[in-house]
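What follows is one structure encoded as structure tokens, with my remarks underneath.
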Amino acid sequence: MGGMGKTTVAKAIFKKYQDKFEGKSFLQNVREMKLVKLQEQLLFDILKPANTRVSCVDEGIHEIKRRFHNRRVLVIVDDIDHMKQFEALAIKYESFGLGSRIIITTRDQHLLKILKVDMIYKLPAMNREEAFQLLSWHAFRKNSPDKEYLQVSRKVVDYCGGLPLALEVLGSYLFERSTSEWKSALEKLKFHPHPEILKSLKISFDKLHDYELKSIFLDVSCFFTGMSKDYVMKILDGCDLYPEIGITVLQERCLVTVDHNLKLVMHDLLRDMGREIVRSESSEPGERSRLWHHDDVIDVLRNESGTEAIQGLTLDLQESDKASFSTEAFRNMQSLRLLKLNYVNLTGSYDSLSNELRWLCWHGFPLEVIPKDFDHPNMVAIDLSYSKLIRVWEDSDLLLEKLKFLNLSHSHYLTQSPDFSKLPNLEQLILQDCKCLLHIDQSIGQLQKLVLVDLKDCKALRDLPESFYELTSLETLDLAGCSKFENLAEDLGEMASLTTLILDNTAMISIPPSISRPKNLKSLSFCGLNRPRSTYPLPPLLARLLNLRELYLDGCNLTDVSWVKTVEFAGCSKFENLAEDLGEMSWLTTPTAIKSVPTSVCRLTKLKSLFVYGFKWPLSRLPRSLSVFNTLRAVSLAGCSLTDDAIPMGFLRLNFLEHLDLQRNGFRSLPSFSGISKLQSLSLAGCSVLRAMPEVPKNLKILNLSWCFALEGSPVLSALPSLRNLGKLYLDGCNLTDVTTSMSGLGKLQSLSVYGFKWPLSRLPRSLSVFNTLREVCLAGCNLTDDAIPMEFWRLNFLEHLDLERNSFRSLPSFSGISKLQSLSLAGCSGLRAMPEVPKNLKILNLSRCFALEGSLVLSAMSSLRELPGYHSPNFTEIPVLHNSLKSLTVIHMEGR
């Protein structure tokens, strides 16, 4: 991705290390240089002869190898985009002397893989603090903006998303301009990226040499950011765009990324660049290839001005904003392949829609049945969630051979599934929360490519048809919340492909023995099987499930279980015995009824996680054998009544341990944990007689000392400054003096909780504002009064969650300056007489038990508000404009006392 600062970093490295080498060369903008000139530049930089001319590329390669094979050189090759450039520079180990260093910058990671470089470093985006400073230097020629520019500067930083080029360009562009001009520029940037930023980013797009790659990029930037990679790839594959290789290439060029949830993600500026490319296709929206902007789509549909150029169109309305158009508006869009019409009504014949349609997303589909003229044989994915459908297709002969994905979730009136014989290639069927669904059609057994069936919360469904168990490719079956579903057939055992089975909160009377036969089953969940008339012994043949890795049994009436590698038994109150054969288990959580751990526990050579909450160890000490588990990464020994000297020295040699929970034990002192070098989180919460904090490794990220009443202040506070990587600190209920002066070194602190802390003079110290990385702060129950919060507190630019519950405020200053604030709790502030101003992006506001708040509660500015708990706040007389302004509000409670 262009503009990340690759060249700047490379220059800094070159400047720092150039004097340590016999020769040096910085080859800048290689992409724009001819190969012979590139070779001549390298020869000249290192040899400095009068004549370094070469006649052809082959001669240049020969000269580079001949002259440099025994020289220790530093060469930086900036912005390479083709293998020919590597080859021309003879970049191979044997071409340069021992100890040479070759540093390459490129927008294409695949080139580095071909070269088999020693190390690839992906330059991260700037963090918010760095971005704020860079913008300030260019816009104000100093480290921070003037006060009146603070809010608008934050918005520019948000827009730039950590991209140095954008921060520099916009900072210079906005230099010595008024705040109103800044705001105007930001409005313009929503629709038109700055030309200089666009030019740099567009280089990567222009290097996509084939139609399919460019189409994938534009489709993702206009329609698919934030969506499942697997889902999008099915759609794009149906469009003949070859996404399997295409998405990989875009990832290698940093144009698209895939996050930890396997969703497609794109930098906002890249997304805007893609959309600007589409916008530049024509001044008339109806003549562009893709339409996503609300006003453009409305105009095209109302004026019926669409053309054959349109390949994709999305109109994403809310249920309260439904709009109606004629199907004739689509008559000329015969290249349309991607269509999203959430909560739109169409009148007229559906044969006006293009036969090229591959994707249809129509939440709130308004008809009770899909009409006969809805004949689109190339459809790959249909999503009609929240529809009014009672049955699916009016024409039972409608054949959709290419359909792979069908989602009818939350269609509360749907009583029967479609005839699946007309959907022979269906791969995913999602019918979540279809409350009236009584039957699944027998034809489902014909779907030999079906891999996922999601029937979660289909509360009227009692069983599955016999043919269902004939599915040969099914991998995932989710029946969670099917509260009337009682039995799985014995034929379940024949479903060899099944890997995940979820039966949480069903009405099953017994667990069929056949459940032990699907040989590939990896994940099994029975949570909530707690019918009072029965307990659920798992079939002994469960031992045959050699691939089972995860078993979830929360809240079950179970009597015995074994043979699994990941076990979560929370709430399994009748479970008493662990099997002796535990040798392969990698995760163990014990329930409260276990009386002893089998001797085989010492053979758990792969154990990574051990949770034994409430276990009563003999003599209140851990056995020395526990230290043999050198693979352990997470250990919870909470509530185990452990006392001094309970932890053997061998335990402190668990080299891979990252998370240790010792809550609610009887320690008065603890040994040093500094030797556990990888330890990231330590919880000693509720160790009420602990008198001193143990030594901890300096890389610790999370420390919880809440409710450690006996801790003495000075030793604890003196240990904090050395924990420079600490991100979360919990000191609730501790009898400590002012901690902020001892926290000055905590430059990465993001969460601070000091519930019940008694601040001097019932005021917060100004020093609290130095922690500008804070995202979460809890100051509940601190007896804070009016003027307790200093003005410096409003400089916490990243603060998202603020808890001020149960304090003594009568009034509060405005919170509108904390633009990132998402949740604010004032619950239990019984003397608070007026609600403070809050930022318009606030999502959660808790006013419960604010008995003194009176009059009209004005919320019209809070367009993003989602939750408004107001339990026992009886004096509000009205909430004006509630239905018009609060479109995101989903939870509101306004009970009286």
Quiz item: Relative contact order, percent, of the range 197-279 when contacts are C-alpha pairs under 8 Å separated by at least 6 residues?
Solution: 37 percent
Exercise. Please find the FRET efficiency linking GLN28 to ARG795, where r is the Cβ-Cβ separation and R0 is fixed at 45 Å, and quote it to the nearest 0.05.
Key: 0.70
Practice problem: Please find the FRET efficiency linking LYS116 to LYS449, where r is the Cβ-Cβ separation and R0 is fixed at 25 Å, and quote it to the nearest 0.05. | Solution: 0.05
Quiz item: Looking at this model, which pairs from LYS155/LYS840; LYS15/LYS748; LYS84/LYS113 are more than 22 angstrom apart at the alpha-carbon?
Solution: LYS15/LYS748
Quiz item: Spin-label point model (7 Å from Cα, Cβ direction): what's the GLU466 to ASP268 distance in nm?
Solution: 5.9 nm
Quiz item: For the charge dipole of the range 128-190, defined by +1 on Lys and Arg C-beta atoms and -1 on Asp and Glu C-beta atoms about the Cα centroid, which residue among GLY171, SER153, PHE140 has the Cα displaced farthest towards the positive pole?
Solution: SER153
Self-check item: Extreme residue, positive dipole direction of the range 430-533, given options GLY445, LEU464, LEU501 (C-beta unit charges)
Solution: LEU501
Practice problem: Name the long-range amide H neighbours of LYS388: under 5 Å, sequence gap of 5 or more, or other chain; modelled H, no Pro or chain starts. | Solution: PHE365, LEU367
Quiz item: For the residue pair TYR242 and VAL36, what label-to-label distance in nm results when each label sits 7 Å from Cα along the Cα-to-beta-carbon direction?
Solution: 3.5 nm
Exercise. Grab the Cα-Cα distance for SER811 and SER184, subtract it from 0.36 nm times how many residues apart they are, and report the gain in nm with one decimal.
Key: 222.3 nm
Quiz prompt | Protection-proxy order for peptides 478-484, 523-529, 119-125, each taking the mean of Cβ atoms within 10 Å per residue, highest first | solution = 523-529, 478-484, 119-125
Quiz item: Under a point spin-label approximation (7 Å from Cα along Cα-to-Cβ), what is the SER672-LYS372 distance to one decimal in nm?
Solution: 8.6 nm
Quiz item: So how strong a dipole does the range 128-190 carry about its Cα centre when Lys and Arg Cβ are +1 and Asp and Glu Cβ are -1, to the nearest 20 debye?
Solution: 120 debye
Practice problem: Treating cross-link reach as a plain straight distance, find the lysines whose alpha-carbon is under 16 Å from the alpha-carbon of LYS202, omitting any fewer than eight places away in the same chain. | Solution: LYS214
Exercise. Work out the FRET efficiency for ALA710 and SER144 from their Cβ-Cβ distance, taking R0 = 60 Å, and round it to the nearest 0.05.
Key: 0.90
Practice problem: Identify all aspartates and glutamates with a Cα-Cα distance to LYS758 below 16 Å; exclude those on the same chain that are fewer than 8 residues away in sequence. | Solution: GLU712, ASP732, ASP738, ASP786, ASP787, ASP803, GLU805
Self-check item: Which listed pairs, of LYS449/LYS484; LYS422/LYS522; LYS522/LYS608, have C-alpha distances above 24 Å, in listed order
Solution: LYS449/LYS484; LYS422/LYS522
Quiz item: Can you list the aspartates and glutamates whose alpha carbon is less than 17 Å from that of LYS188, not counting same-chain residues fewer than 8 positions off?
Solution: ASP158, GLU196, ASP268, ASP272, GLU276, ASP295, ASP296
Quiz item: Relative contact order, percent, of the range 6-115 when contacts are C-alpha pairs under 8 Å separated by at least 6 residues?
Solution: 32 percent
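Any read-out appearing in this document is the output of simple, stated calculations on the displayed coordinates, not a laboratory observation. Note that the structure is predicted; figures quoted are calculated from it, not measured. Using ideal geometry, Cβ is built from the backbone for each residue, glycine included, and neighbour counts are taken over all protein chains shown.
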